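Asker: Following this message is one structure expressed as structure tokens.
The values are calculated or read from the model by the stated rules, or taken from the named source; none is laboratory data. This one's a predicted model, so the numbers in the text were calculated from it and none came from an experiment. Cβ coordinates were reconstructed from backbone atoms using ideal geometry, including for glycine residues, and neighbour counts include every protein chain displayed.
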């Protein structure tokens, strides 16, 4: 009985970080976005610069709810294009962004089932991934409600 109670408590304790991370704080994510703007801008279709940034990565306006690898005019890497071809209706969700931001290559390998799938994005966000995803949802008018 003692082992059953201990196991239940341990399982509940381990589940807490996963639940806590899924919520995300958009204001923290907005602050964290400074790490991303060297490569990514956030610009509305009307040309409004929400965040001035680089062009190495795609514009992140509307990323949540947008089809994977669909930013017109951006040259995506083979791994993300492979995923988009395999799942033509797949859209970015906050959950997928958390996984991608944590480890882009590992996420692509998992999603495609291809151990050779690679991402052009070499940066990994070591903390606040859910916050970043929550922030990106605020600049994504087509994002589904969480």
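Asker: Only one of (1) on the phi < 0 side of the Ramachandran plot; (2) modelled with pLDDT under 95 is not met by residue 63, so which one is it?
Answerer: It fails just one condition, (2).
Asker: Here is a list: 48, 72. Which entry is over 15 Å from the mean Cα position of the chain (by Cα), farther than 20 Å from residue 23 by Cβ and at pLDDT below 95?
Answerer: 72
Asker: Right, here's the next one. Out of all the residues in segment 63-90, which are surrounded by fewer than 19 Cβ atoms within 10 Å (Cβ to Cβ) and within 22 Å of residue 46 (Cβ to Cβ)?
Answerer: Across segment 63-90, the qualifying residues are 65, 66, 67, 70, 71, 72, 73, 74.
Asker: Quick check on my filter: what residues within segment 106-134 are closer than 16 Å to residue 39 by Cβ and not in a loop (DSSP other than H, G, I, E, B)?
Answerer: 132
To keep it simple, each residue is scored yes or no on (1) touching a helix residue (DSSP H, G or I) at 6+ places or on another chain (Cβ under 7 Å); (2) closer than 23 Å to residue 30 by Cβ.
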| residue | (1), (2) |
| --- | --- |
| 54 | no, yes |
| 77 | no, no |
| 111 | yes, no |
| 117 | yes, no |
| 121 | yes, yes |
| 125 | yes, yes |
| 130 | yes, yes |
| 134 | yes, yes |
| 137 | yes, yes |
